[in-house]
Amino acid sequence: MLILARGDGRAFTALDGSSILEGLPFPVVVFADKANAKYFEKVDTEIVRWSNKDDVHQRALRRHAEHGVFAVATLDEQMVDLAAVLRKEMGIGGAHPEHSQRFRNKVVMKEALRAAGVRVPEHTSCADRAAVEALLAKYQRLAIKPVDGQGSRDVSFVQTQQEVEHWYSQTQAPNGFEAEEFIDGVLYHVNAVVRDGKSLVTASAPYLPGMANIDFAAGTPFVSVLLTEGELKARLEAFSDRVVEVLALGNGVTHMECFVTSKGEIVFLEIAARPGGGGIVLMIEGQYGVNYSRALLLLEGGRGDLLPPIQAKTGQTLGLMGFRNSLAGFVKRAATPEMFSESWIRHVKIDLKPGQFLPPAAHCTDFTGLLVFSSADHAEFDVRRVSLYERFYSSLEVQGL
């Protein structure tokens, strides 16, 4: 198996600190950049420059010609397209470009779902400015986003024709964007492990209002806590099953986002055929006993039979909090992992050291620290997250520029 391991190599670490590559029933070769190769020292690793996609492409084909690649996998959204192209060119199984676009292109996925009767926001390509202006006149507020983006990068909101004019004046390639009606509601993420078209486990959770993806520029934390029971959980899981069915995912994992309005309506936002980022995988692993990233590798490798049994924990609710920075400066003082030693804190990652330059968060999961922790219920989760937030920031001192 060829693994395109773009991004932070720690994404290949399970909740217990072990590598998710350990014990895989097939050989792997990992493409990684120089900074992250250290996380893959126990497996065959080839150092690449992700900025040179043509070179990465040719290296992969050369690997296939010399050794035979039977599967291509990635945890990274920006590598999904390349992985699909490689599978097609190598003549191997898994999603090819015509299928992967259902999980990459926001217009393609919404058109397919709308045709099947799934509620999606009304939308249009920004290549048609008149259609965008008509949509704004109808809904009074629009979200404009890249058709194949992630991490809430380059997302804008417009409420007036003047704001539309300004957006077009600042955008060189409007055909790469779509505009959609603004949905007023709470944003949820719904994550499924799918084998042979059926969901084996589905985990759903809200992003707390004001602490969601889009709020990274404000410097608020990224906070989410799993639903463990209730009617909404069942409805979200059924909604996810329908989306998976319509988009025809055979084997893999999904990270879907949808809004729940004040009237209880579920409105699809987008879906990816890869694990969620920002600690979501570890949070779900703590609740259900399955690591979605390892599950993806097993499914891509044709060994879904080795997925662990689902063991939902009772009497506890897993949640996470990722810390984000909004201002640039130099770190004078910071929290350390040893400050978060309670048994109910399941994972601690802090990427701060005195003297370090700290830029503003560039995307929704651009964290300075991450905590995954359990609570008896959502009420206790709220108490604990407030306490942990205060502990983290009382230890942080940043000298502004």
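What the table shows:
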quantity: Residue within region 48-70 that is outside the structural domain of L299 (by TED's automatic domain parsing), surrounded by fewer than 15 Cβ atoms within 10 Å (Cβ to Cβ) and on the phi > 0 side of the Ramachandran plot present; calculated: yes
quantity: Within region 133-168, considering residues that are of a type outside the set (V, I, T) and in a strand (DSSP E or B), the one modelled with the highest pLDDT; calculated: L142
quantity: Test: L327 is farther than 15 Å from T220 by Cα and in a loop (DSSP other than H, G, I, E, B); calculated: no
quantity: Positions within region 156-176 being among the hydrophobic types (A, V, I, L, M, F, W, C) and either surrounded by fewer than 16 Cβ atoms within 10 Å (Cβ to Cβ) or within 16 Å of the chain's Cα centre (by Cα) (or both), in sequence order; calculated: F157, A173
quantity: Residue satisfying all of: in region 280-321; in a loop (DSSP other than H, G, I, E, B) and of a type in the set (D, E, K, R); modelled with the highest pLDDT among these; calculated: R303
quantity: Every pair of residues 6+ apart whose Cβ atoms lie under 7 Å, when the first sits in region 218-230 and is within 17 Å of V186 (Cβ to Cβ) while the second is part of a loop (DSSP other than H, G, I, E, B) and charged (D, E, K, R); calculated: T220/R324; P221/R324; F222/R324
quantity: Selection within region 1-20 - among the basic types (K, R) and either at positive phi or in a loop (DSSP other than H, G, I, E, B) (or both); calculated: R6
quantity: Residue list for region 32-46, filter: surrounded by 14 or more Cβ atoms within 10 Å (Cβ to Cβ) and either over 23 Å from the mean Cα position of the chain (by Cα) or more than 18 Å from A11 (Cβ to Cβ) (or both); calculated: V43, T45, E46
quantity: Residues that are of a type in the set (S, T, Y) and either in a helix (DSSP H, G or I) or within 27 Å of G230 (Cα to Cα) (or both), drawn from region 345-401; calculated: S374, S375, S387, Y389, Y393, S394
quantity: Selection status of G210, outside the structural domain of P146 (by TED's automatic domain parsing), under 26 Å from L318 (Cα atoms), surrounded by fewer than 15 Cβ atoms within 10 Å (Cβ to Cβ) and in contact with a Leu (Cβ under 8 Å, 6 or more places away or on another chain); calculated: no
quantity: Matching entry among K349, K313, K332, K353 (being under 20 Å from the mean Cα position of the chain (by Cα) and of a type in the set (D, E, K, R)); calculated: K349
quantity: Subset of region 88-115 (residues that are surrounded by fewer than 19 Cβ atoms within 10 Å (Cβ to Cβ) and in contact with a Lys or Arg (Cβ under 8 Å, 6 or more places away or on another chain)); calculated: G93, H96, P97, V108, A112
quantity: Residues of region 204-244 that turn out to be touching a His at 6+ places or on another chain (Cβ under 9 Å), assigned to a helix (DSSP H, G or I) and more than 23 Å from R119 (Cα to Cα), as a count; calculated: 1
quantity: Candidate set from region 231-281 (those that are hydroxyl-bearing (S, T, Y) and more than 13 Å from the chain's Cα centre (by Cα)); member that is farthest from E180 (Cα to Cα); calculated: S240
quantity: Residue match in region 162-169 (condition: among the polar types (S, T, N, Q) and touching a residue at least 12 places away in the same chain (Cβ under 8 Å)); calculated: no
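The values are calculated or read from the model by the stated rules, or taken from the named source; none is laboratory data. Quantities reported herein were computed from a predicted structural model and do not represent experimental measurements. Glycine gets a Cβ as well: all are built from the backbone with ideal geometry, and neighbour counts include every protein chain shown.
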